[in-house]
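Contents: one structure, followed by commentary.
Please treat every number below as a calculation from the coordinates, not as lab data. Worth saying up front: this structure is predicted, and the values here are computed from it rather than measured. Please note: Cβ atoms are built from the backbone with ideal geometry, for glycine as well, and neighbour counts cover all protein chains shown.
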Amino acid sequence: MPAILRATACALALCATSTATVLAATTADTTIEVAPRVETSAPAASPATFPGVTSVRQGARMPRGWVVVGRDVRITRGTDSAFAALRMRCPTGKSWRSGTADGEIGLTVLDANARGKRSVLVMATFSTSAVAAGEVASGAVYALCR
């Protein structure tokens with residue numbers, strides 16, 4: 001085989017190997033994107049209904065003194081599942097009352113006795129049976145503060 005053909009064949013083989021490695025790495029890793037926090041307060045409409053709080057309902061005007069802190073979350077599942085741990089921080093002078101999530105994202109509160117704390121550690125999760133490798137789970141997590 002002439003040298004030029006051997007060099008070309010080696011280059012093509014290296015390129016194919018590199019592409020396969022990049023594709024394998026892309027599907028193997030879970031990627032998580034978390035948007036900056038957004039605050040919603042009265043008289044705006046609440047973006048969610050919160051468990052245990054009857055005065056704040058999705059789509060209804062928020063009562064005076066309540067604030068919702070929200071963050072959009074997007075998780076692209078790889079072959080191994082991973083979840084996002086976030087710190088939800090209430091504005092100065094406010095404390096955590098409840099939390100929830102929407103879309104395909106779920107919320108687990110990791111702090112013990114979260115009620116009354118200004119800053120609470122939560123985990124954004126998704127159903128591993130509903131989201132296959134390579135698919136995206138998206139939604140938002142919310143903290144209700146007063």
Exercise. How many nm separate the modelled label positions at residue 121 and residue 40, each set 7 Å beyond the Cα in the direction of the Cβ?
Worked result: 2.8 nm
Problem set entry | Protection proxy ranking, peptides 65-73, 87-95, average beta carbon neighbours within 10 Å, highest first | 65-73, 87-95
Exercise. What's log10 of I(q)/I(0) for the stretch 28-145 at q = 0.09, 0.10, 0.14, 0.23 Å⁻¹, Debye sum over Cα points only, no solvent?
Worked result: -0.24, -0.30, -0.56, -1.24
